[in-house]
Amino acid sequence: MDLYGAGAAGGPAARRPWSKEEDKMFERALVICPEHTPDRWAIIAAQLPGRTPQEAAEHYQALVADIDLIMRGAVDAPGSWDDDDGNDRRGGTGKPRGEERRRGVPWSEDEHRLFLEGLDRYGRGDWRNISRFAVRTRTPTQVASHAQKYFIRQANAGARDSKRKSIHDITTP
């Protein structure tokens with residue numbers, strides 16, 4: 001099924017791609033109109049001038065399929081449309097030379113406990129899933145760095161000064 005381009009030969013006329021503004025209106029309409037609302041797609045289409053209920057339903061199914069692919073790790077998550085200046089935040093640092101590196105935000109106890117739960121569930125080394133499903137406020141790189149510090153702290157447990165406490169001393173979720 002071709003949801004964004006022209007239909008098959010002899011099929012329906014070419015469909016227009018969804019604009020950025022239409023996608024934003026579509027997102028707002030989805031929030032207003034929950035999943036089990038009667039005539040959901042007609043109500044949503046009414047918020048989108050020039051779109052039919054069928055187009056709205058098909059657009060939703062395409063988005064659900066995209067999210068499924070992203071969640072399974074089959075494709076990378078797309079950049080944000082909110083980044084209108086054209087900068088891709090994923091590549092390079094994007095900082096001018098000479099600018100000092102920003103320090104990270106310390107992990108909270110709650111985040112550390114979620115990390116420990118994710119470590120139990122997904123195992124050592126699966127930082128992507130721990131980040132994606134357990135500590136959703138941190139990137140896989142941040143989770144890996146935290147894990148490295150945690151394991152070093154655990155390995156040196158007998159040699160450390162007991163006066164200095166650390167979040168890494170918490171060992172149970």
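The values are calculated or read from the model by the stated rules, or taken from the named source; none is laboratory data. The shown structure was predicted, so the numbers you read here are calculated from the model rather than taken from an experiment. We place every Cβ from the backbone using ideal geometry, glycine too, and count neighbours over all the protein chains shown. Quick note on the areas: whole protein, heavy atoms, side chains included, nothing else; ligands and nucleic acids left out. Shrake-Rupley method; radii C 1.70, N 1.55, O 1.52, S 1.80 Å.
At-a-glance table
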{"quantity": "Candidate set: region 46-61, residues that are open to solvent by less than 30 Å² (accessible area, probe 1.4 Å) and of a type in the set (A, V, I, L, M, F, W, C); chosen: the one farthest from Glu21 (Cα to Cα)", "calculated": "Ala57"}
{"quantity": "Selection within region 129-144 - part of a helix (DSSP H, G or I) and surrounded by 15 or more Cβ atoms within 10 Å (Cβ to Cβ)", "calculated": "Asn129, Ile130, Ser131, Arg132, Phe133, Ala134, Pro140, Gln142, Val143, Ala144"}
{"quantity": "Region 1-42, residues that are modelled with pLDDT under 60 and either within 29 Å of the chain's Cα centre (by Cα) or charged (D, E, K, R) (or both)", "calculated": "Met1, Asp2, Leu3, Tyr4, Gly5"}
{"quantity": "All positions within region 145-173 that are open to solvent by less than 40 Å² (accessible area, probe 1.4 Å), among the hydroxyl-bearing types (Ser, Thr, Tyr) and either at pLDDT 85 or above or in contact with a Leu (Cβ under 8 Å, 6 or more places away or on another chain) (or both)", "calculated": "Tyr150"}
